[in-house]
Amino acid sequence: MQRIYGKSYLTSRLEVHKPIASLPTVAALPGPNSPTPRRRRTIVCSNLLVEGESWDLETARARMKETLKGDKADLRCKKRPGVLIRADWALDVCLSSWCRNCPFLDSGH
């Protein structure tokens, strides 16, 4: 029991403290052979066209930071003609191991 003094001199009870909710457990990162592997710069989608040319892995590693800075590059997918690709999508999907699970490809590439 706690007494709170003020104008009315009322007696009030302390609230019962509820236990702190435990934080949800985050699943471990997927392994390299799982259906949705971690993003790794170990593969380049063969359908990606940067300024009309296909990049191999060495070219992508050397030129991606300079060429894909902002959205100034002409990025296209062979599977989706006429559609421009944003630079952040290309970095996150087309220029990483996630390109194996690209939602725009029917079955692999």
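The values are calculated or read from the model by the stated rules, or taken from the named source; none is laboratory data. The structure displayed is predicted, hence computed values, not measured ones. Quick reminder, even Gly has a Cβ in these numbers, built from the backbone with ideal geometry, and neighbours come from all protein chains shown. We work out accessible area using only protein heavy atoms, side chains counted, and drop any ligands, DNA or RNA first. Shrake-Rupley method; radii C 1.70, N 1.55, O 1.52, S 1.80 Å.
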* Would you mind working out the accessible area per residue for the stretch 62-109, using a 1.4 Å probe, and quoting it in Å²? => 66 Å²
* If contacts are Cα pairs under 8 angstrom and at least 6 residues apart, what is the relative contact order of the stretch 68-109 in percent? -> 28 percent
* Counting only protein chains, not ligands or nucleic acids, how are Lys18, Lys79 ordered by accessible area (probe 1.4 Å), most first? -> Lys18, Lys79
* Structure fact -> Summing +1 per Lys or Arg and -1 per Asp or Glu among the other residues with Cβ less than 13 Å from Ala73's Cβ gives 0
* To do: Could you go through the stretch 74-86 in sequence order and give the Karplus-derived ³J(HN,Hα) for each residue, using 6.51 cos²θ - 1.76 cosθ + 1.60 with θ = phi - 60°, rounded to whole Hz, and x for Gly and Pro?
  => 8, 10, 9, 10, 4, 7, 10, x, x, 10, 7, 10, 6
* So how compact is the stretch 59-108: Cα radius of gyration and Dmax in angstrom? -> 11.0, 31
* Asked: What is the packing order of peptides 95-102, 81-88, taking the mean over residues of other C-beta atoms within 10 Å and listing the highest first?
  -> 95-102, 81-88
* Asked: In terms of modelled amide H atoms, which long-range or inter-chain residues lie less than 5 Å from the amide H of Trp55?
  -> Val50
* So what J values fall out for the stretch 95-105 if you push phi through Karplus, 6.51 cos²θ - 1.76 cosθ + 1.60 with θ = phi - 60°, rounded to Hz, Gly and Pro as x? -> 9, 8, 5, 5, 5, 5, 10, 4, x, 8, 9
